[in-house]
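Quick notes on the structure that follows.
The values are calculated or read from the model by the stated rules, or taken from the named source; none is laboratory data. It should be emphasised that the depicted structure is a prediction, and the values quoted were computed from it without experimental measurement. Using ideal geometry, Cβ is built from the backbone for each residue, glycine included, and neighbour counts are taken over all protein chains shown. The accessibility values were calculated without ligands, DNA or RNA, using every heavy atom of the protein model including side chains. Shrake-Rupley method; radii C 1.70, N 1.55, O 1.52, S 1.80 Å.
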Amino acid sequence: MNTVVSPAPITAVAPAPTDKRAVERLLAPLDHLAENSPHFLSKSFGHFQSAGQSYSLPRYVYLGPKGGGDTLRIGIFATIHGDEPEGALALTRFVTALEQNRELAKGYALFLYPVCNPTGFEDNTRHSRSGKDLNREFWNDSPEPEVQFLETEIWTHAFHGIINLHADDTSEGLYGYVNGAVLSEHLLEPALREAEQVIPRNKRRKIDGFPARNGIIYHSYNGVLRSVPGLARPPFELTLETPQLAPFHRQVDAFSAALKTILVEYRYLMAVAQNI
Ligand SMILES: [Zn+2]
């Protein structure tokens with residue numbers, strides 16, 4: 001047995017978080033990718049306090065190779081429900097795939113928000129530490145700092161597309177919501193088709209209380225994370241939901257497959273639109 005002499009505890013530094021789910025640990029693989037890639041940047045924003053601790057919202061930007069037209073800006077948001085880290089982990093998988101095949105991201109600037117609810121993630125709760133379901137607070141003069149910072153992001157970047165990643169422990173299959181631009185449906189369908197090679201689709205006619213068609217819901221709750229209301233030309237808006245009780249690695253694979261498909265399909269649809 002080795003005898004290791006522990007150093008005296010250092011009390012002058014900030015106390016380590018007492019939780020077992022530190023955001024930093026969750027994001028370590030993404031940070032590692034950012035440190036080693038010239039086109040993947042880590043740019044946290046939105047500092048706020050909760051219960052005496054400081055937080056910020058993690059943000060990463062992936063810059064794809066230059067395409068023919070305007071750069072397409074896509075925002076991908078995960079873990080707005082703190083107990084759904086699957087999407088955050090899928091983003092690591094997704095960025096790794098982009099690094100291996102940069103052409104997938106050609107023409108895109110991808111803004112990734114892997115942990116939109118850091119206090120909820122630390123506490124392993126759907127709600128933030130203030131007790132709010134942040135995904136019911138958008139565009140409603142919410143006092144929640146996370147929501148205000150994310151709204152500013154959505155205003156500022158004027159995304160062409162917004163994708164939300166969720167995991168639903170009451171569903172036995174994949175499904176999604178479409179909002180915004182009409183073409184959203186034409187992106188979600190192929191994304192689900194690709195992802196259902198990994199996890200079956202939820203074919204029920206009612207999902208999450210809404211009527212559904214082939215795993216697609218055309219309604220949404222008030223206050224969900226989405227684009228600025230009332231835009232004449234809204235971006236495409238998709239929400240992908242994996243069945244949270246499915247094996248974790250399958251959910252990660254399904255998200256990554258869906259996201260890659262959306263990039264390919266949207267670039268294709270934009271190219272077609274420019275030629276008609
Ligand atoms: Zn959720």
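Restricting the first member to region 105-134 and to residues that are β-branched (Val, Ile, Thr), and the second to residues that are more than 14 Å from the ligand (Cβ to nearest atom) and part of a loop (DSSP other than H, G, I, E, B), the beta-carbon pairs closer than 7 Å and six or more apart or on different chains are Val115/Pro58; Thr119/Arg129. Of the set (1) touching a helix residue (DSSP H, G or I) at 6+ places or on another chain (Cβ under 9 Å); (2) part of a strand (DSSP E or B); (3) away from the ligand (no atom under 16 Å from the Cβ), all apply to Pro211 but (1). Taken across region 174-183, residues that are open to solvent by 30 Å² or more (accessible area, probe 1.4 Å) and modelled with pLDDT of 95 or more do not occur at all.
Which pairs turn up if I take residues in region 155-183 that are over 19 Å from Gln197 (Cα atoms) and free of Cβ contacts under 8 Å to residues at least 40 places away in the same chain and look for partners that are assigned to a loop (DSSP other than H, G, I, E, B) and within 15 Å of the ligand (Cβ to nearest atom) with beta carbon separation below 8 Å, at least 6 apart in sequence or on another chain? That search, which allows pairs on different chains as well, returns Thr170/Asp208. From the list Leu63, Leu30, the lone residue that is modelled with pLDDT of 95 or more and touching a helix residue (DSSP H, G or I) at 6+ places or on another chain (Cβ under 6 Å) is Leu30.
Restricting attention to region 123-152 and to residues that are within 16 Å of the ligand (Cβ to nearest atom) and of a type in the set (Lys, Arg), the residue that is surrounded by the most Cβ atoms within 10 Å (Cβ to Cβ) turns out to be Lys132. For region 229-276, residues that are among the basic types (Lys, Arg) and within 15 Å of the chain's Cα centre (by Cα) total 1.
Mind listing whichever residues of region 226-249 are out of contact with any strand residue (DSSP E or B) (no Cβ under 8 Å at 6 or more places or on another chain) and in contact (Cβ under 8 Å) with a residue 24 or more places away in the chain?
Initially, region 226-249 is screened for residues out of contact with any strand residue (DSSP E or B) (no Cβ under 8 Å at 6 or more places or on another chain), giving 228-233, 245-249.
Residues satisfying the conditions are Val228, Pro229, Arg233, Leu245, Ala246, Phe248.
Name the single residue that is farthest from the ligand (Cβ to nearest atom) among those in region 30-60 being farther than 15 Å from Leu98 by Cβ and in a loop (DSSP other than H, G, I, E, B). Within region 30-60, the match that is farthest from the ligand (Cβ to nearest atom) is Gly52. Any residue at all in region 75-96 that's more than 11 Å from the ligand (Cβ to nearest atom), closer than 20 Å to Glu24 by Cβ, more than 15 Å from the chain's Cα centre (by Cα) and open to solvent by 10 Å² or more (accessible area, probe 1.4 Å)? The answer is yes, given that some residue of region 75-96 is more than 11 Å from the ligand (Cβ to nearest atom), closer than 20 Å to Glu24 by Cβ, more than 15 Å from the chain's Cα centre (by Cα) and open to solvent by 10 Å² or more (accessible area, probe 1.4 Å).
When each of Gly120, Gly173 is tested for being within 16 Å of the ligand (Cβ to nearest atom) and more than 24 Å from Val95 (Cβ to Cβ), the lone residue that passes is Gly173. Against the list (1) buried (at least 19 other Cβ atoms within 10 Å of the Cβ); (2) within 15 Å of the ligand (Cβ to nearest atom), the condition Ala191 fails is (2).
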